[in-house]
Amino acid sequence: MGERVSISTPDGDFSAYVARPKADKAPAVVVIQEIFGVNQVMRDITDGLAGQGYLAICPDLFWRIEPGIDITDKSEAEWKKAFALFNAFDVDAGVKDIQATITAIRKDGQCAGKVGAVGFCLGGLLAFLTATRTDVDAAVSYYGVGIETRTPEAEKLAEPLLLHIAEEDQFVPKEAQAAILRDLKNHPQIEIHTYPGRDHAFAREGGEHYHDHDAKLAGGRTLQFFKRTIG
C-alpha cells in the first residue's frame, strides 16, 4: 500500500514510509517508531491511518546509526539489537528529523495543511518532545519512556497532546507515572488516559502484552483526538 520517500536534512537524507488516503486532500500524521525501526508493525499503523483518511508517514529515525532497521520483538537477538539502537539514539537529533518530516509532508500535494504525530515507546517520548519543540498541530504519545524527566518542557506546549499510560508499564515505573500525572494532568493542552492492568506496548498487535480491548479503546481515543484537532 505504501511508498518510500526521501527527506533531506543538513546532515544527510533519510527514508520514510508513506501511505496515502483516497481523498485528494487530507490532514497528515507522522508515525514515530518504536525501537524496532520502521518494521511491519509501524507500516501497518501507517497504512491503517491512511485507511482512516490521513496522509501518514513513518520516518526512519535510526538512519544516523544504521539506515533501514526492520526487526521484530520475537527473538532475544532482535531485542538486544533494539536496545543497542535505543542506547545509541540521539533524542535531540531525532526530534529535528521529525521536524524535517513534518515540513516535508506539509509540502506534499496531498496534505491539507495540518499535521499530527503519534508515537509508541521511544516514539512516545519523541511524540511528547515533538509537541513541545516542533510546529506539529497535535500529538499522541503511547507509553512514552522517559517523559517524567522532560515534564518541564510542557511549559512550551501550545498545541494539544494526548498521553496513553499503561499502569503496569515495566519501562515506566509507578513513581515515573506519578510524576507525569502530577506535572501534566492540569495542563490545559494535555489529555491523559491510564490503562489499569496494562503493560508496556499493550497496543502492539502481535506483541507479548497486546490487549485487544484496550488497544482498540486507545486507538478510538486517538482517532477522536485527531478528528477534533487536525480534521
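Since residue 227 meets every condition but one in (1) outside any loop (DSSP other than H, G, I, E, B); (2) among the basic types (Lys, Arg); (3) buried (at least 16 other Cβ atoms within 10 Å of the Cβ), which condition does it not meet?
Of (1) outside any loop (DSSP other than H, G, I, E, B); (2) among the basic types (Lys, Arg); (3) buried (at least 16 other Cβ atoms within 10 Å of the Cβ), only one is false for residue 227: (3).
What is the one condition in (1) assigned to a helix (DSSP H, G or I); (2) in contact with a Cys (Cβ under 9 Å, 6 or more places away or on another chain) that residue 204 does not satisfy?
Residue 204 satisfies every listed condition except (1).
Taking the condition of being exposed (fewer than 15 other Cβ atoms within 10 Å of the Cβ), free of Cβ contacts under 8 Å to residues at least 40 places away in the same chain and either touching a helix residue (DSSP H, G or I) at 6+ places or on another chain (Cβ under 7 Å) or in a strand (DSSP E or B) (or both), how many residues in region 3-52 meet it?
Adding up the residues that qualify gives 4.
Here is a list of conditions, (1) under 19 Å from the mean Cα position of the chain (by Cα); (2) over 17 Å from residue 50 (Cβ atoms), and residue 79 meets all of them except one; can you say which number that is?
Failing condition for residue 79: (1).
Please state which one of 57, 65, 7 is modelled with pLDDT of 95 or more, of a type outside the set (Asp, Glu) and within 17 Å of the chain's Cα centre (by Cα).
From the options 57, 65, 7, the qualifying one is 57.
Would you mind stating whether residue 176 is over 18 Å from the mean Cα position of the chain (by Cα), closer than 28 Å to residue 79 by Cα and among the hydrophobic types (A, V, I, L, M, F, W, C)?
Yes: the conditions hold for residue 176.
How many of the residues in region 56-90 are out of contact with any strand residue (DSSP E or B) (no Cβ under 9 Å at 6 or more places or on another chain) and either buried (at least 16 other Cβ atoms within 10 Å of the Cβ) or assigned to a helix (DSSP H, G or I) (or both)?
Residues that pass the stated criteria total 13.
Restricting attention to region 23-49, which residues are among the aliphatic types (A, V, I, L, M), touching a strand residue (DSSP E or B) at 6+ places or on another chain (Cβ under 9 Å) and more than 17 Å from residue 106 (Cβ to Cβ)?
Result: 38, 41, 42, 45.
So which residues in region 144-160 are modelled with pLDDT of 95 or more, aliphatic (A, V, I, L, M) and more than 13 Å from residue 171 (Cα to Cα)?
Within region 144-160, 154, 157 qualify.
Could you grab me the full set of residues in region 105-163 that are closer than 21 Å to residue 227 by Cβ and of a type in the set (Lys, Arg)?
Within region 105-163, 106, 114 meet the criteria.
Checking residue 215 against (1) of a type outside the set (Val, Ile, Thr); (2) assigned to a helix (DSSP H, G or I); (3) over 28 Å from residue 73 (Cα atoms), which single condition isn't satisfied?
Only one criterion in (1) of a type outside the set (Val, Ile, Thr); (2) assigned to a helix (DSSP H, G or I); (3) over 28 Å from residue 73 (Cα atoms) is unmet by residue 215, namely (3).
The values are calculated or read from the model by the stated rules, or taken from the named source; none is laboratory data. What you are looking at is a predicted structure, and each value in this text was computed from that prediction instead of being measured. Here Cβ is always computed from backbone atoms with ideal geometry, including for glycine, and neighbour counts include all displayed protein chains.
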